[in-house]
Amino acid sequence: MVRKAVIPVAGLGTRLLPLTKALPKEMLPIGDKPVIEHTIRELVDSGIDEITIVTSARKDLVQRHFAPDADLERQLREAGKDDLAAAVAELSSLAHITYLYQNGPYGNGTPVLNAARVIGDEPFMVLWADDVFVAEVPRARQLKAAYEATGAPVLALMPMEVEDASRYGVPIVEEDLGGGRLRVSGLVEKPRPEEAPSRYAAIGGYVVTPGVVAELEAATRRWHEDPQGEIYLTDALHRHAATHPVYGQVIDGTWYDTGSPLNYLRAQFAAALADPAHGPELRKLALES
């Protein structure tokens, strides 16, 4: 069973500067919640509430958002705002959250390896907190089900336009098993469109197994012998897939990548229009303009 998850948040968010100079990109609001809260609620709704956040000294606002705040709760209750006090209290009890500081080479494989050394010898989920999914079945639950059916690493996939291939890791698909599940034999990182091995993009959700962690360990040892480049999770999955089963799960839902200015605005607009209280008025405003 997948019982635990890792959320790396130590990145600089350079695509959104200067907005993210002081405000972590994971704390940017989508609707009435920061992106990372959407991610954690998705995990909890999928039966995963043991979460390790791999962070940096720049990201203390993430910890503050989920920390207990008895003084604020008391002030809200004294002001007769019990509903807001309850919402604040809920944040600190959403999940069992542990924080680690990232330590090691650059690259998104390093925070995963940092967390794996604490989690131990079991599979776990990795989600990045710059993705928001709107789906009847949460993305994390879809990934979890795919792992339980296969017992092997799983990548979250979405269909893509071939001209977008150079923005993503693109899986080499060996077999379509139906139900959106694909057996893959590797990943090509950001290929040119004419060299893309499939029409799917790996979009930042994974179930990682001890075998993949072993590949990250090996990559880190190689880096220390010759410190060049960065350590990437997709490289470890690619190496693992050469000799072990690896699967992709095409996610049924709508994906919003909040890590770039245009896509962040799209996610904001979608959340605002879907809001039952404000959506109708905003639609009217859009028609008037």
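Here are the numbers for the structure shown:
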read-out	value
Solvent-accessible area per residue for region 94-155 (1.4 angstrom probe, square angstrom)	41
Rounded percent of accessible protein surface that carbon and sulfur make up, region 12-140, 1.4 Å probe	52
Listed residues Leu262, Leu94, Leu23 arranged by accessible area, highest first, probe 1.4 Å	Leu262, Leu23, Leu94
Region 1-68: trypsin sites (Lys or Arg not before Pro) in DSSP coil with no more than 12 other Cβ atoms inside 10 Å	Lys21
Set of aspartates and glutamates with alpha-carbon distance to Lys25 below 19 Å, sequence-local pairs under 8 removed	Glu37, Glu42, Asp60, Asp130, Asp131, Asp257
Above-threshold pairs, the threshold being 25 Å between Cα atoms, out of Lys4/Lys59; Lys21/Lys284; Lys4/Lys33; Lys21/Lys81; Lys33/Lys59	Lys21/Lys284; Lys21/Lys81
For the chain: relative contact order, % (alpha-carbon pairs under 8 angstrom, 6 or more apart)	22
Dimensionless Rg over Rh [region 185-289; C-alpha; Kirkwood]	1.15
Region 30-88-region 180-238 distance, computed between alpha-carbon centres (Å)	32
Two-decimal Rg/Rh across region 8-153, once Rg and the Kirkwood Rh are taken from alpha-carbon atoms	0.99
Antiparallel bridges, percent of DSSP beta bridges restricted to the chain (to nearest 5)	60
Karplus-derived 3J(HN,Hα), 6.51/-1.76/1.60, for each residue of region 152-158, Hz, glycine and proline x	9, x, 10, 10, 6, 10, 9
GluC sites (Glu not before Pro) restricted to region 149-248 and DSSP loop, no more than 13 other C-beta within 10 Å	Glu161, Glu230
Percent RCO, i.e. relative contact order, over region 1-103, from Cα pairs under 8 Å lying at least 6 residues apart	34
Region 137-220 shape via C-alpha gyration tensor axes, a/c threshold 1.5	oblate
³J(HN,Hα), Karplus 6.51/-1.76/1.60, whole Hz, each residue of region 62-74, x for Gly, Pro	4, 5, 5, 5, 9, 7, x, 9, 4, 5, 5, 4, 4
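The values are calculated or read from the model by the stated rules, or taken from the named source; none is laboratory data. Predicted, not measured: the structure shown is a model, and the values here were computed from it. All Cβ positions, even for glycine, are placed from backbone atoms using ideal geometry, and neighbour counts span all protein chains on display. Note: accessible area is taken over every heavy atom of the protein model, side chains too, but ligands, DNA and RNA are not part of it. Shrake-Rupley method; radii C 1.70, N 1.55, O 1.52, S 1.80 Å.
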